[in-house]
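The values are calculated or read from the model by the stated rules, or taken from the named source; none is laboratory data. Since the structure is predicted, the reported quantities are computational estimates derived from the model, not experimental observations. Glycine gets a Cβ as well: all are built from the backbone with ideal geometry, and neighbour counts include every protein chain shown. These area figures cover heavy atoms from the full protein model, side chains too; ligands, DNA and RNA do not enter into them. Shrake-Rupley method; radii C 1.70, N 1.55, O 1.52, S 1.80 Å.
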Amino acid sequence: MTDPRPVAVVTNLDDPTADLVIAELHDRGVPVVRFDSGDFPATLACSAFIGGKAQQWHGSVQTPTRTAELGTVRSLYYRRPSGFAFPHLDVRDARFAVAQARYGLGGVLASLPGCLYVNHPHRIGDAEYKPAGLAAAAHLFQAQVDKAADVHVTVVGERVFAVRIDSGLLDWRIDYSTHTYTPVVPPRDVRSALFAYLRHFGLVFGAFDFALTPSGEWTFIECNPSGQWAWMEPPTGLPMTTAVADLLERGTHGT
């Protein structure tokens, strides 16, 4: 029997990575409710109350075309929503309204019962502080790292997708046309460290960057808890869209 519980996708209108995952979920018959929290309250509404023996949230989030019942969301894919904005208000009133929207709607979305977060917005906020990430990895670079290539690693639940990027550039993001992509297998200690890092921040997804030295050492640079990965799927054939969809479809079952 088809599971009627929806997957909520919270992101902005222009997010091709989320588009791929949503299309995969649709193909599986998984109900999806996509919305941008930044549309609140203009075209996004929320009605919520706490009740029942477990004192959990009840109510719904409504877009012009979709409704998600708060108590039935199986997983929430928190990507890159736009910020709250109230341009019709003066600066002081707008600042107050933004704070209340963040505490109100943001607070509801961050406390859904029985929901798997990919990732939880509060955990994303914690992990986005670079000093906190560097402290968790126990290093801070102040000199250029000698490298032969870069490695971009996407961790989705228990699955690890590592891709070597050969570009000849200090920063491979400068020119994507120079790249050669090769799937690789992380060393055992690196793989263990990936999961330890995610556990430290309470994340189930992370996009890691490493510098690969001429001697083959993997040197950690950073982890983006909302990082991109879809552009590497076509040249490598790695099933990252499938992995993300699997995680969202499963929700808290099997975790």
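Brief remarks on what is shown
- When residues of segment 60-97 are limited to those that are among the charged types (D, E, K, R) and surrounded by 13 or more Cβ atoms within 10 Å (Cβ to Cβ), the one nearest to Pro4 (Cα to Cα): Arg74
- The one condition in (1) surrounded by fewer than 16 Cβ atoms within 10 Å (Cβ to Cβ); (2) in contact with a helix residue (DSSP H, G or I) (Cβ under 6 Å, 6 or more places away or on another chain); (3) over 25 Å from Asp15 (Cβ atoms) that Trp218 fails to fulfil: (1)
- Pairs with Cβ under 6 Å, 6+ apart, first in segment 156-180 and closer than 15 Å to Leu212 by Cα, second among the polar types (S, T, N, Q) and in a helix (DSSP H, G or I): Val163/Thr236; Ser167/Thr178
- Across segment 1-59, the qualifying residues are those that are farther than 16 Å from Ala245 by Cα and among the polar types (S, T, N, Q), and the one among them that is most open to solvent (accessible area, probe 1.4 Å) is Gln55.
- Single condition Thr182 does not satisfy, out of (1) part of a loop (DSSP other than H, G, I, E, B); (2) out of contact with any helix residue (DSSP H, G or I) (no Cβ under 6 Å at 6 or more places or on another chain): (1)
- Residue selection: Leu198 fails the criterion of being closer than 27 Å to Glu24 by Cβ, among the hydrophobic types (A, V, I, L, M, F, W, C), open to solvent by less than 10 Å² (accessible area, probe 1.4 Å) and touching a residue at least 60 places away in the same chain (Cβ under 8 Å).
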